[in-house]
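Reviewing the structure listed below.
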């Protein structure tokens, strides 16, 4: 028995930019035959969708197709996604990638997933992995592109390198193979093994390619045994796909595989992200995690400005102490949100009605954000003790409703950290401090409210860090997360 939720989105959304592809894989379950007859969404519409997704807590976007490298505005969309704060990925057949492509697209791309179907060129050709733009066979092309990526990475610092992933679809044509040599040649960080999937109304004509479960399991065993140490081999059988993805088709509609066939939402540009998401019934978090959907959780996107790090947590979590220590280690500007100079105003705001209180905090957030941007424009990183995330999380908890979108005029942090610790420990720290606030009284007395606040932070993409240890250890953990920025 599985449970789906439409109240929030997973951390990753697959955005299928184009319906067209330059290959004809026989098993393909994303053919988009009807969508091919419709005009593509304008770049500005796609950018708006990216912003809306990020505002609902999405941290990663995977551009797919069709073949996403056919989209003439792909470089622009990668840049826009990165600047919004999304970690970017592309799933591609690699046919159009060369050193020029890497130079144009690499600076704002984090993960490059190369799709392959077999270690044998003849089998690959039979399955439809061929394109006139390739001067070599598809397997050779994938190997060549991987080598180009490794050369590209050798010239760049770790935070700016492309991370490689290998996607292999297992059919009854390749289930007998051992992909170990290919995995060692490509040297990816991650390998995903898909059991070939039938979707009613999409690829019914590919039933002859279906791989039996035992043959798929044997293929997985060989791949795991032969993969180099440190390479994550992730499986995805047919059951794992049902309800575990958030996918957007080329017309801007969410779609999901439910009971063997796709259901589609109304267009996001017409009804908004969450209304469209509710149309497809949400997703299954357990299946999402089981298939490896949440990976490199500390990895976040950066723009061209110095880093903006926000430290969040309930009172007593140590956020002010940690923020101060981190700022010292980074030689960064330390900002308190809202400014401590307005303590009297803050006390008055805390006693006000909820709408008035939220308005005051949002105004204070904007003032501090403006100061942060001045520091960053001058070349200095910023560490914030609280951010607008607090305002949004508490507002959603008070209303017992969905989290509001991140205000467009306030830059999102490159890393949003949520310090957490066991409630008895937190209460003990507060007792030692001897301070009490209206906010803390409610947090202490209302477990459901406290849980909603924490869930609000999580839905905004906050990365949780255990604060029940020495300050130096907490700061060291955050510094490890910062190493993955890029």
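The values are calculated or read from the model by the stated rules, or taken from the named source; none is laboratory data. Worth saying up front: this structure is predicted, and the values here are computed from it rather than measured. With ideal geometry, Cβ positions are generated from the backbone for all residues, glycine too; neighbour counts draw on all protein chains shown.
Give the number of residues within region 456-481 that are within 20 Å of residue 54 (Cβ to Cβ) and either touching a residue at least 60 places away in the same chain (Cβ under 8 Å) or crowded, with 17+ Cβ neighbours inside 10 Å (or both). Full working, then the answer.
Keep residues of region 456-481 that are within 20 Å of residue 54 (Cβ to Cβ), which gives 456-464, 481.
So of that shortlist, the ones also either touching a residue at least 60 places away in the same chain (Cβ under 8 Å) or crowded, with 17+ Cβ neighbours inside 10 Å (or both) come out as 456-463, 481.
Residues in region 456-481 being within 20 Å of residue 54 (Cβ to Cβ) and either touching a residue at least 60 places away in the same chain (Cβ under 8 Å) or crowded, with 17+ Cβ neighbours inside 10 Å (or both): 9 in total.
In a residue-by-residue description of region 151-169, the property of being closer than 21 Å to residue 95 by Cβ, touching a helix residue (DSSP H, G or I) at 6+ places or on another chain (Cβ under 7 Å), surrounded by 15 or more Cβ atoms within 10 Å (Cβ to Cβ) and modelled with pLDDT of 95 or more applies to at least one position. Selection of region 112-132 for residues being within 31 Å of the chain's Cα centre (by Cα) and at pLDDT below 90 yields 128, 129, 130, 131. Is it true that residue 131 is closer than 26 Å to residue 33 by Cα, touching a residue at least 12 places away in the same chain (Cβ under 8 Å), surrounded by fewer than 23 Cβ atoms within 10 Å (Cβ to Cβ) and assigned by TED's automatic domain parsing to the domain that holds residue 208? Answer is yes for this residue. Residue count for region 456-486 under the criterion of being out of contact with any helix residue (DSSP H, G or I) (no Cβ under 6 Å at 6 or more places or on another chain), part of a helix (DSSP H, G or I) and over 19 Å from residue 328 (Cα atoms): the result is 2.
Residue by residue, here is whether (1) under 30 Å from residue 269 (Cα atoms); (2) at pLDDT 90 or above holds:
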position	(1), (2)
177	no, yes
187	no, yes
192	no, yes
198	yes, no
206	no, no
211	no, yes
218	no, yes
251	yes, yes
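Among residues of region 363-390 that are in the same structural domain as residue 412 (by TED's automatic domain parsing), those with a beta-carbon under 9 Å from a residue that is surrounded by fewer than 13 Cβ atoms within 10 Å (Cβ to Cβ) and assigned to a loop (DSSP other than H, G, I, E, B) at least six positions away or on a different chain give the pairs 366/409; 369/409; 380/331; 381/331. Restricting attention to region 363-390, the residues being under 10 Å from residue 337 (Cα atoms) and surrounded by 17 or more Cβ atoms within 10 Å (Cβ to Cβ) number 10.
Residues of region 142-173 that are under 25 Å from the mean Cα position of the chain (by Cα), closer than 30 Å to residue 210 by Cα and not in a strand (DSSP E or B): 142, 145, 146.
Every residue in region 134-143 that is out of contact with any helix residue (DSSP H, G or I) (no Cβ under 6 Å at 6 or more places or on another chain) and buried (at least 16 other Cβ atoms within 10 Å of the Cβ), please. Hits for region 134-143 are 141, 142. Residue 401 satisfies every condition listed in (1) out of contact with any helix residue (DSSP H, G or I) (no Cβ under 7 Å at 6 or more places or on another chain); (2) crowded, with 20+ Cβ neighbours inside 10 Å except (2). Taking the criterion of being surrounded by fewer than 21 Cβ atoms within 10 Å (Cβ to Cβ) and under 19 Å from residue 8 (Cα atoms), the residues of region 256-268 that qualify are 258, 263, 264, 266, 267.
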